[in-house]
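Please treat every number below as a calculation from the coordinates, not as lab data. Because the structure is a prediction, the values reported are computed rather than measured. We place every Cβ from the backbone using ideal geometry, glycine too, and count neighbours over all the protein chains shown.
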Amino acid sequence: MIGKLFTKNILILSVINSLFLVLVLYFIVWHYGIDIGYFTVITIILSFFIIVYIINMLLLNNYIEKKIKQIFLSIFKIKQNDYTRDKYGVNSIKEIEKEIENWSNKRSNELIRLRENDEYRKEFIGNISHELKTPIFIAQSYIETLLDGSLYDEKVNKKHLKKALKSILRLSQIVKDLEMISRLEKDTLTLDKEIFDINTLLIDIVDSLELSAKEENIDIKIKIDEDKKCYVFADEEKIEQVLINLLINAIKYNEKNGFVKIYCKDIPGKIQINIEDNGIGIEDHKVNRIFERFYRIDKDRSRKKGGTGLGLSIVKHIIDAHGQSIEVKSEYGRGSVFSFTLEKAQ
């Protein structure tokens, strides 16, 4: 559209200029009485038109190109966040067009990300408000009941105090987990990496969770050679937290008489730890969100079983801080497998 308009304007301008030159030529011929043929007149007129058209095209093209480059320079300064520059690394209109198109696409993608982040922020604020409100409300209710007279009732006072304490402890744990995630995201949490035997750590954790598993009729199976050492280089305390969170989730989201399997794989330069269960599984559209803060696969079950809703988010941040990866394979109604890697000790 712009190209057609540009060509049309040049043609009109060239015709006007040519007519002016023809009139000048006619005046000269008439004034001096010069006799020229009809064919010569047509040739002169066409020659005038072509020459004028080319000159107009070059002049206007040069003028427009300068103006476009000035516009691009302004965009370039915004893009580079440098308002002191007066030059840029492109010369032709095509290069400018390509640069502007790339810049436009980048800004469009940034706007999409900003909208997504805004939606995530709104959802996060809603989730954290709910998670904090619940224990505060419960603790407040029991304390108010005690102040209203049941403080001196030996049948209920200790019961109410214990329940209020339980809610306060849950609130405290949420704050601690949020603080840890914040430190992990800001890279201010120092990892104390050392060489340790992952098999020994797995056995100790399974032993500590055995009672909880039995209460839910869950059988924890650890498939490792207890006599064989498997050394990794990582922060043992943080990896212990990762394993505990993953195993607690495997127990929590399992069915009665279910099982949890733990096994390791030796891959080049790394050790892969796998935690498999035959629990409720995760729906496909939820798999990509399970590491988000406060995201719950089954909200009713999660709140009945306790927890802050931050466990998997912490797990992901700890593994990322180690420069390693974690992945999930799940089939809804059949179970899940959480797998993460650790650096193998040299």
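When only the Cβ of Lys, Arg, Asp and Glu is charged (+1, +1, -1, -1), the dipole of region 103-185 relative to its Cα centre reaches about 180 debye. If you plug the beta carbon distance of Ile125 and Thr190 into 1/(1 + (r/R0)^6) with R0 = 25 Å, you get a FRET efficiency near 0.25. Local charge for Lys261 was computed over the other residues whose Cβ lies under 10 Å away, with Lys and Arg +1 and Asp and Glu -1, and equals -1.
Going from the fewest other Cβ atoms within 10 Å to the most, the residues Lys265, Lys316, Lys344 appear in the order Lys265, Lys344, Lys316. Does region 159-276 classify as rounded, prolate or oblate by the C-alpha gyration tensor (a ≥ b ≥ c root eigenvalues; a/c under 1.5 gives rounded; else a/b over b/c gives prolate, otherwise oblate)? Note, shape of region 159-276 comes out oblate.
How big, in percent, is the set of alpha carbon pairs in region 103-185 lying more than 23 Å apart?
Distances greater than 23 Å cover 48 percent of the Cα pairs.
Scoring 207-213, 318-324 by mean Cβ neighbours within 10 Å over their residues and listing the highest first yields 318-324, 207-213.
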